[in-house]
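Q: First the structure, which I've put down as structure tokens, then a few questions once you've had a look.
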Amino acid sequence: MATTKAASKKGLNELFHDTLKDIYFAEKKILATLPKMAKAAQDDALKAAFEKHRDQTEEHVARLEEVFDVIDKKPVGKTCAAIMGITEEGAEIMEEYKGSASLDAGLLAAAQAVEHYEISRYGTLKTWAQELGLTEAVNLLDKTLTEEKETDAALTELAESAVNMAAEAA
Ligand SMILES: [Fe+2]
Ligand SMILES: [Fe+2]
């Protein structure tokens with residue numbers, strides 16, 4: 001039984017490291033994408049929300065580097081197909097809805113898909129860090145998880161007010 005337990009711990013260590021590389025790649029991709037979304041946004045509040053989250057994302061990258069340090073690994077990313085797809089869809093929206101009144105609604109939807117992906121990753125990593133007894137990593141991951149959830153909630157609020165305004169105008 002002890003051997004099985006040790007083997008599964010080893011597996012979880014690798015999974016944790018691999019997933020850390022995935023989200024590290026994703027955060028860097030998001031860091032490069034948010035300024036484009038801020039530039040494209042028509043609504044000032046949405047623009048400001050994207051700019052604020054760009055600054056937070058810089059912190060997210062820095063925190064991940066600290067987590068790599070906790071497990072004695074170099075911060076290296078690994079291509080994340082999921083974030084490539086999600087940001088590609090965002091780029092399509094920017095292109096196809098340029099000049100349309102629906103552009104901001106599309107940007108909000110794209111941004112929420114990004115936040116939900118991050119929330120899923122950070123939730124998983126935090127659980128695994130707890131499992132592995134990496135207390136410092138748990139704290140770092142939790143800080144970012146909280147900011148992703150707050151961003152998602154702020155985007156929901158903006159989406160609801162935008163929908164309300166559109167309904168009033170109709
Ligand atoms: Fe993030
Ligand atoms: Fe985020």
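Q: Give the residue that is most open to solvent (accessible area, probe 1.4 Å), with candidates limited to residues of the range 58-82 that are in contact with a Ser or Thr (Cβ under 9 Å, 6 or more places away or on another chain) and under 23 Å from Thr156 (Cα atoms).
A: Glu59
Q: With respect to the numbered conditions (1) in contact (Cβ under 8 Å) with a residue 60 or more places away in the chain; (2) surrounded by 14 or more Cβ atoms within 10 Å (Cβ to Cβ); (3) farther than 15 Å from Asp22 by Cα, which one is the sole condition not fulfilled by Leu145?
A: All conditions are met except number (1).
Every residue, every condition in (1) touching a Gly at 6+ places or on another chain (Cβ under 8 Å); (2) surrounded by 12 or more Cβ atoms within 10 Å (Cβ to Cβ); (3) modelled with pLDDT of 95 or more, yes or no:
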| site | (1), (2), (3) |
| --- | --- |
| Ala2 | no, no, no |
| Lys10 | no, no, no |
| Thr33 | yes, yes, yes |
| Met37 | yes, yes, yes |
| Asp43 | no, yes, no |
| Ala49 | no, yes, yes |
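Q: Testing Leu103 on (1) touching a Leu at 6+ places or on another chain (Cβ under 7 Å); (2) open to solvent by less than 20 Å² (accessible area, probe 1.4 Å); (3) modelled with pLDDT under 95, one condition comes back false. Which one is that?
A: The number of the failed condition is (1).
Q: Would you confirm whether or not the range 97-116 contains a residue that is free of Cβ contacts under 8 Å to residues at least 60 places away in the same chain and β-branched (Val, Ile, Thr)?
A: Checking the range 97-116: not a single residue is free of Cβ contacts under 8 Å to residues at least 60 places away in the same chain and β-branched (Val, Ile, Thr).
The values are calculated or read from the model by the stated rules, or taken from the named source; none is laboratory data. Just so it is clear, the structure is predicted and the values come from calculations on it, not from any experiment. Because the Cβ atoms are built from the backbone with ideal geometry, glycine has one as well, and the counts that use them run over all protein chains shown. The protein model used for the area step is the full one, side chains on, heavy atoms only, and it has no ligands, DNA or RNA in it. Shrake-Rupley method; radii C 1.70, N 1.55, O 1.52, S 1.80 Å.
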